[in-house]
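Student: Please read through the structure below; I'll follow up with questions.
The values are calculated or read from the model by the stated rules, or taken from the named source; none is laboratory data. It should be emphasised that the depicted structure is a prediction, and the values quoted were computed from it without experimental measurement. Using ideal geometry, Cβ is built from the backbone for each residue, glycine included, and neighbour counts are taken over all protein chains shown. Ligands, DNA and RNA are excluded from the accessible area calculation, which covers all protein heavy atoms including side chains. Shrake-Rupley method; radii C 1.70, N 1.55, O 1.52, S 1.80 Å.
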Amino acid sequence: MTELHLWLRHEARTTERRTPIVPDDARRLVGSGVALTVEESPQRVFRVEEYEAAGCRVAPAGSWVSAPRDTVVLGLKELPPEPAELTHRHIFFGHAYKGQPGAGDLLRRFAAGGGALFDLEYLVDDSGRRLAAFGFWAGYLGAALAVLQHRGRLRAPLVPTTKDELDETLKPAAGDTEFTGLVIGALGRSGRGARTAFATAGADPACWDLAETRDLDREALLRHDVMVNAVLATTPVPPFLREQDLDDPDRRLRTLCDVTCDVGSPLNVLPVYDDTTDWDVPVRRLRAEPPLDLIAIDNLPSLLPLESSADFSAALLPQLLDFGVTGPWGRCLDRFRQASLESSPS
């Protein structure tokens, strides 16, 4: 059997501090016979020396482009715009199968180079459940930021922190008024995280899931002060909020956090905004009177890089130890091939 060579790349996005493999799990990979090269990265939450001590090879940032062709390149977020031809197998969140902006360009780069995408969003078990996800921490942070914004305590730019530190800021303080919260998708990973943050903030949110969204009561939705959307639709559903809902004179909703950030996709359940927010400007005002603020940051877990990386790495490790073209990885590859055929000129 050919030795698996994984290459942990530096993330091109400057606010991405997470890693899919932490040093302790890198040591387990190396001990199991996997060759692991780790690129230098000044922003990664773990120093490259910790990976070197775990038995990993070290390479300059961005050097994956010249790695041997049989190398499997591992990352989290989007690739840099070059090279135009992707020759390697890549593992990351590609966001390329639902018509998102840039999806066609990414698939064409793989077609041009003969590489392949193993999209982590589609690394699932036989029942379709994700095997490695950041959902809990995305939901936790989404609700936390929404509460802080609603209470007037959110400060920009955002900076990475720890859960203990964030919990302290979430606890109710003198002068805080009561509010009503709503979590949509409350039974999933992200929903559980959002509910945890609300509880820390001293709030007991309404929890909606499939039963409530099948026959959505928008008037009831608009009667909540703070809403967190944790639903990532995989099939078309009626939107939860529409432009006309934002102008409803009886709208009580003041703070909206979209954890899933499916902006640009035809499956987006919140088609009331056209661009995400970010760490520098985390909040966008959608309506002036009565005010409605939006938070839509697509790498929320990077604000808690230690906790979120450790959880994700623990889930991904057994999958990497069993990397191949069957099972969950085979399903990833099949989805990539299907999307590539659908996007190719007829």
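Student: Output the number of residues of segment 114-154 satisfying the condition of being more than 13 Å from the chain's Cα centre (by Cα) and more than 24 Å from residue 328 (Cα to Cα).
Tutor: Looking only at that region, the number is 12.
Student: Let me ask something else about it. So which residues in segment 58-102 are crowded, with 18+ Cβ neighbours inside 10 Å, modelled with pLDDT under 95 and over 15 Å from the mean Cα position of the chain (by Cα), if there are any at all?
Tutor: 97
Student: Follow-up question, since we're still on this one. Scan segment 21-56 for residues that are touching a residue at least 60 places away in the same chain (Cβ under 8 Å) and among the polar types (S, T, N, Q) and jot them down.
Tutor: The answer is 32, and nothing else.
Student: From the list 45, 22, pick out the single residue that is of a type outside the set (S, T, N, Q), open to solvent by 10 Å² or more (accessible area, probe 1.4 Å) and in contact with a Pro (Cβ under 6 Å, 6 or more places away or on another chain). Spell out the reasoning first.
Tutor: Numbers: 22 fails: in contact with a Pro (Cβ under 6 Å, 6 or more places away or on another chain).
Going through 45, 22 in turn, the sole match is 45.
Student: Another question about this same structure. Among the residues of segment 238-247, is any of a type outside the set (Gly, Ala, Ser), at pLDDT below 95 and either open to solvent by 10 Å² or more (accessible area, probe 1.4 Å) or farther than 28 Å from residue 176 by Cβ (or both)?
Tutor: Taking every residue of segment 238-247 in turn, at least one turns out to be of a type outside the set (Gly, Ala, Ser), at pLDDT below 95 and either open to solvent by 10 Å² or more (accessible area, probe 1.4 Å) or farther than 28 Å from residue 176 by Cβ (or both).
Student: Among the candidates 59, 67, 103, which residue alone is over 29 Å from residue 268 (Cβ atoms), in contact with a Phe, Trp or Tyr (Cβ under 8 Å, 6 or more places away or on another chain) and touching a residue at least 60 places away in the same chain (Cβ under 8 Å)?
Tutor: 67 is the lone residue from the list that is over 29 Å from residue 268 (Cβ atoms), in contact with a Phe, Trp or Tyr (Cβ under 8 Å, 6 or more places away or on another chain) and touching a residue at least 60 places away in the same chain (Cβ under 8 Å).
Student: Kindly provide the set of residues from segment 244-260 that are more than 20 Å from the chain's Cα centre (by Cα) and hydrophobic (A, V, I, L, M, F, W, C), ordered by number.
Tutor: Result: 246, 253.
Student: Of everything in segment 279-313, what is part of a loop (DSSP other than H, G, I, E, B), within 22 Å of residue 133 (Cβ to Cβ) and either touching a helix residue (DSSP H, G or I) at 6+ places or on another chain (Cβ under 7 Å) or open to solvent by 10 Å² or more (accessible area, probe 1.4 Å) (or both)? Give them in sequence order.
Tutor: Once the filter is applied, which keeps residues that are part of a loop (DSSP other than H, G, I, E, B), within 22 Å of residue 133 (Cβ to Cβ) and either touching a helix residue (DSSP H, G or I) at 6+ places or on another chain (Cβ under 7 Å) or open to solvent by 10 Å² or more (accessible area, probe 1.4 Å) (or both), segment 279-313 yields 279, 298, 304.
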